[in-house]
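What follows is a short report on a single structure.
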Amino acid sequence: MNRSSSHELRWPRLIRTPSDAARFVDHVGFCVLFPLKNVPLPSLYYAVSKRADPRWDKYAQLIWKWKDELPNKRRTFYAKYFKSRGSFLSVKLLPHFLAMHGTAVEPEEAEAFYKTGRISYDALELWQALAKHGALATLELRHACKLETQAGNKRFKKAMLQLQGLLIVTHSGTAQETEAWASNRFDLVARAFPRQVRQARRISEKDARTAIAMKYRTLYPSASPVQIARLFGWTKAQAVTALAL
């Protein structure tokens with residue numbers, strides 16, 4: 001599928017190592033793994049390959065490996081975040097995203113999130129399992145929450161997307177649980193990035209939105225408040241305030 005490359009950034013350096021990729025994420029602040037239609041963000045795939053139309057080539061295989069390696073070493077944050085697809089956030093900007101969502105939380109705060117309706121019961125179960133057992137691979141986590149069936153797998157995926165969308169859970173490498181593809185390994189952001197969680201508690205939601213909006217404007221100077229609001233899930237008024245318009 002052809003996708004517009006108008007929002008891709010011309011990165012002047014070659015990206016051939018995980019460190020190169022981490023520097024790119026640090027520079028842009030946030031990006032997606034592969035180009036996404038109607039998601040105006042740079043992609044690591046394009047930065048590496050200079051190809052607007054993604055395919056399973058050597059570059060895709062390279063970044064697929066890095067999406068496991070970089071968060072496991074805490075070089076970047078990675079989760080299914082923007083539009084529930086693979087996304088990177090820089091470690092520097094992570095506190096602002098946590099503050100924006102109000103999710104700079106400790107593991108034991110899961111019950112409070114459930115009682116206020118911010119997460120589903122299945123998401124509560126996953127959160128509590130990770131809090132109890134530490135980082136777990138997919139099959140281990142499904143087993144711990146009794147979600148081993150096909151129907152349970154659907155519930156697991158839905159709940160996991162919810163937790164990743166709130167930046168409560170992060171991708172933390174892989175584990176070879178079967179002879180097939182390696183399974184994703186998940187951990188609580190509070191345990192994986194404790195320093196960034198502490199920093200987030202000192203940032204107001206308003207200041208967090210301002211920092212994120214201004215960073216986005218450095219990448220795309222002509223971006224409108226409506227575009228920014230749509231991308232980050234804000235109201236237009238919040239975007240206008242963040243941009244100090």
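Using the structure shown, list the pairs from K83/K146; K65/K236; K37/K154 with a Cα-Cα distance above 30 Å, or answer none. The partial results should precede the final answer.
On the way: K83/K146 27 Å; K65/K236 37 Å; K37/K154 25 Å.
As for pairs spanning more than 30 Å Cα to Cα, those are K65/K236.
Which option, (i) 1.02; (ii) 0.96; (iii) 1.12, is the value of Rg/Rh (Cα atoms, Kirkwood Rh) that was calculated from these coordinates?
(ii)
Once the Cβ-Cβ distance between A52 and K158 is put in as r, and R0 is 30 Å, what FRET efficiency do you end up with, to the nearest 0.05?
After rounding, the FRET efficiency stands at 0.45.
For the range 39-89 and the range 90-147, what is the separation of their C-alpha centers, rounded to whole Å?
23
I'd like to know how the range 103-200 sits against the 2.2 N^0.38 Å rule of thumb: what's its Cα Rg over that expected value?
Normalised by 2.2 N^0.38 Å, the Cα Rg of the range 103-200 equals 1.03.
Could you line up D57, D68 from fewest to most neighbouring Cβ atoms inside 10 Å?
Result, fewest neighbours first: D57, D68.
Projecting each Cα onto the charge dipole of the range 106-190 (Lys/Arg +1, Asp/Glu -1 at the beta carbon, about the Cα centre), which of F156, A110, A144 comes out farthest on the positive side?
After comparing all options, I get F156.
Stretched out fully, how many nm does the piece from K132 to R191 gain, at 0.36 nm a residue minus the Cα gap?
Value of the extension gain: 20.1 nm.
Pulled fully out, how much extra length does the chain show between R23 and W181, if you take 0.36 nm times their separation in residues and subtract their Cα-Cα distance?
Extending this stretch completely gives an extra 54.1 nm.
Which residues in the range 226-245 place their backbone N less than 18 Å from a point set 7 Å from the Cα of K83 along the Cα-to-Cβ direction?
Inside the label zone: 226-234.
By how many nm would the segment from W64 to L14 lengthen if fully extended, with 0.36 nm per residue of separation less the alpha-carbon distance?
16.3 nm
Taking the Cα centre of the range 122-245 as the origin and placing charges on Cβ (Lys, Arg +1; Asp, Glu -1), which of S183, L124, Q199 is farthest toward the positive end of the dipole?
The Cα lying farthest towards the positive end belongs to Q199.
Bear in mind these aren't lab numbers, they're just calculated from the coordinates by the rules spelled out. Here the structure is a predicted model, which means the values were calculated and not measured. All Cβ positions, even for glycine, are placed from backbone atoms using ideal geometry, and neighbour counts span all protein chains on display.
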